[in-house]
Structures are given as structure tokens and as C-alpha cells.
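Working notes, beginning with the structure itself.
The values are calculated or read from the model by the stated rules, or taken from the named source; none is laboratory data. It should be emphasised that the depicted structure is a prediction, and the values quoted were computed from it without experimental measurement. Because the Cβ atoms are built from the backbone with ideal geometry, glycine has one as well, and the counts that use them run over all protein chains shown. Surface areas here come from the heavy atoms of the whole protein model, side chains and all, with no ligands, DNA or RNA. Shrake-Rupley method; radii C 1.70, N 1.55, O 1.52, S 1.80 Å.
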Amino acid sequence: MKNKNKINKDSRKRSLQLAWFTVPGFVWLMIFCYLPMFGLIVAFKDYRNIDGNFFTSLFKSEWTLKNFEFFFKTSDAWLVTRNTLLYNSVFIVLNIVIPLIVAIMLHELLNKRMAKAYQTATFLPYFLSWIVISYSVYAMLQTDTGLFNQIRRGLGLEPVSWYREPQYWPFFYVFLNTWKGLGYNTVIYLAALSGIDKSLYEAASIDGASKLQQAKHITVPLLRPVIVIIFILSLGGIFRSDFGLFFHIPNSGGGAASLRKVSEVIDTYTYKLLINSGNIKQSAAIGFFQSVIGFILIFTANKIVKRYDPERAIY
């Protein structure tokens with residue numbers, strides 16, 4: 001009995017010690033994730049600066065839903081929604097498929113030093129800011145001295161004003177997004193691959209299965225739970241875009257206006273609306289709309305997965 005009480009006491013002490021480690025994360029979560037939710041009230045208010053104080057003016061302002069109507073009535077609503085959905089749909093597919101292929105290839109390399117070197121090389125772009133990348137892109141796409149146009153001149157071709165030609169930019173955006181996130185997404189699959197029993201591959205090899213057949217019938221099926229979770233979580237952000245990608249990359253070459261039809265997404269549109277007009281209520285309404293749609297998509301996708309395969313659902 002004494003030993004049992006001692007074990008329970010030690011367990012509680014250990015749990016308390018571990019709980020203290022969660023305090024910094026909890027404080028950070030409260031300050032940066034939950035307290036800002038107070039600002040959602042702005043989306044439902046016809047905010048007017050009545051007495052110079054934000055909080056008292058907010059509570060004195062009338063309730064309204066016109067802030068949500070504004071976005072859907074604008075001529076840009078279809079453009080930014082279409083761009084956001086199409087880009088993110090492609091990003092979700094490629095950021096699942098390509099890192100999975102790269103992870104399987106790295107996992108199969110016999111020279112582990114080379115595998116680590118390749119993994120590090122693919123991970124480095126993830127740490128670069130979009131501002132740094134935007135200037136690198138500008139160095140390649142600049143009309144007069146850019147690398148691409150110098151190559152074209154060397155081949156006897158006419159230079160292209162890349163920042164004035166929208167038809168090329170969907171491919172640039174897809175490439176840059178996939179390239180930057182490749183290393184990070186690959187690590188997730190490599191971690192999952194390390195947990196697969198190697199005896200399965202040995203048995204398949206004895207039966208004459210090739211590496212491609214092993215990947216198809218062993219690796220991919222065992223990674224399916226990870227793939228499903230990544231897909232569900234990615235689906236929740238389909239109405240949100242990588243702001244740095246769509247804002248800094250075209251702006252570095254002064255092509256924001258020329259490329260607007262292919263580069264304007266909901267996030268950049270909201271930012272420009274807030275900066276140019278200072279209308280926080282309509283910007284807050286658009287942000288709230290994005291969050292609600294994301295929640296609905298995650299909840300729906302998880303329900304569908306849970307119905308057909310409960311073990312692979314998030315909860």
C-alpha cells in the first residue's frame with residue numbers, strides 16, 4: 001500500500017513538472033491566438049470613431065451584417081476567390097505528392113550521408129523569407145539584366161518582360177511554393193517512414209517485388225493515415241494564401257498592377273483594403289469569413305473520413 005501511494009505521489013509530481021513546461025506555450029497561445037478573437041466583434045459592427053477611444057467606440061457602434069455584404073458585392077470577389085481556391089488546390093496536391101516521392105527516394109538511398117545532404121539542401125529554402133526570395137526572383141526575371149533574358153539573348157531569342165506577362169506567373173507561383181515547402185513537408189514523411197517495419201520490405205524483396213512495387217503496396221498504404229491528416233489540415237487553409245508569396249514576389253519587379261488578375265488573392269486583397277481605405281470592419285469581416293469556411297471544410301472532411309475509415313480521422 002505504501003509503495004502504491006509513493007508511486008502515485010511520484011506520478012503526480014512528475015505530471016506537475018511536465019505541466020509547468022506547458023505554461024510558456026499556453027501563455028503564448030492565449031496572447032496571440034485567443035485574445036485577438038475579441039477583434040471579431042469589429043466584423044459585426046458599423047464601427048465609427050465616436051469619442052477617440054477604440055473600445056468605447058466599438059461598443060457604442062451599431063450591430064450590422066453589411067460588412068459581409070460588401071465583399072460579395074464587389075467586382076473583385078469572384079477574382080480573388082477564384083485565384084485563392086485554384087492556387088491552394090494545386091498547392092495541396094503538389095505539397096502532398098512531391099514531398100512523398102522525395103521522401104521515399106531519400107529513404108531508399110543506401111548512402112545515408114548523401115541522403116542527409118540532399119535532405120538539408122531541400123530544407124534550406126524553408127528558412128528563407130519571401131522578401132529574400134523576391135529579390136532573387138527579380139535578379140532572374142529582370143527585363144534588361146535578368147538571368148532568364150540573358151539566356152534568351154544567348155539563344156537568339158527576344159527578351160520577355162516577365163513582370164508584364166501574366167500568363168507565366170501561375171507556373172512561377174506553383175514552382176516557388178512547392179520548392180520552398182518541399183524540405184519541411186518531406187521531413188514529415190521521413191519521420192513516418194522511419195516507423196515502418198523493415199521486415200516487410202525484406203519479405204517483399206524475397207518474393208521478388210521491385211522498389212516501385214514495394215513503394216506502391218507497402219510504403220504508400222502505411223503512410224495513408226499521415227497523408228489523410230495532412231490533407232484534412234491543408235483543406236482548412238484553402239481559403240488562406242501565403243501572403244508573402246503573392247505580395248512580395250510580384251512587387252519586387254513592380255508588376256503588381258499588371259499581374260493583378262493572376263496574383264490577387266483574398267489575403268492580399270484584404271491587406272490592400274485595410275491599408276488603402278483604413279476600413280477595419282470590412283477587413284475583419286473578410287478574415288472572419290475565411291476562418292469560418294476553413295473550419296467548415298476541416299469539420300466536413302473529417303466527418304467524411306470518419307464515416308468510411310474511423311481510424312484515419314483526426315478525432
Amide H of Lys45: which non-local residues (sequence gap of 5 or more, or other chain) have their own amide H closer than 5 Å, using H built in the peptide plane? Thr64
What is the calculated FRET efficiency for Asn49 to Tyr271, with r their C-beta to C-beta distance and R₀ = 25 Å, to the nearest 0.05? 0.75
Pick out, in residue order, every one of the chymotrypsin sites (Phe, Trp or Tyr not before Pro) in the stretch 71-157 that is DSSP loop and has at most 16 other C-beta atoms within 10 Å; say none if there are none. none
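Suppose R0 equals 41 Å. What FRET efficiency, 1/(1 + (r/R0)^6) with r the Cβ-Cβ distance, do Val132 and Lys60 give to the nearest 0.05?
On the way: r = 45 Å, r/R0 = 1.10.
E between Val132 and Lys60, to the nearest 0.05, is 0.35.
Over its Cα atoms, what ratio of radius of gyration to 2.2 N^0.38 Å does the chain give? It would help to have the intermediate numbers written out before the result.
On the way: Rg = 25.2 Å, N = 315, 2.2 N^0.38 = 19.6 Å.
Dividing the Cα radius of gyration by 2.2 N^0.38 Å gives 1.29.
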Suppose each label sits 7 Å from its Cα in the direction of the beta carbon; what would the Arg14-Lys216 distance come out to in nanometres? 4.7
For a quick check, take a GNM of the chain with Cα springs below 10 Å and name the residue from Ser89, Ser15, Ser291 with the largest mean-square fluctuation. Ser15
Rounded Å value of the spacing that divides the Cα centres of the stretch 161-185 and the stretch 257-286: 21
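Expressed as a whole percentage, what fraction of the accessible surface of the chain belongs to carbon and sulfur atoms when a 1.4 Å probe is rolled over the protein heavy atoms?
Numbers: 13210 of 19820 Å².
Carbon and sulfur: 67 percent of the exposed surface of the chain.
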With a ≥ b ≥ c from the Cα gyration tensor eigenvalues, square-rooted, and the rule rounded for a/c under 1.5, otherwise prolate when a/b > b/c and oblate otherwise, the stretch 11-101 is oblate
Provide the per residue accessible area, probe 1.4 Å, for the stretch 172-315, rounded to a whole number of square angstrom. 52
In the Gaussian network model of the chain, springs joining C-alpha atoms below 10 Å, which of Gln142, Gln213, Gln167 carries the largest mean-square fluctuation? Gln213
Taking the Cβ of Leu110 as the centre, find all other residues whose Cβ is under 15 Å away and add up their charges (Lys, Arg: +1; Asp, Glu: -1). +3
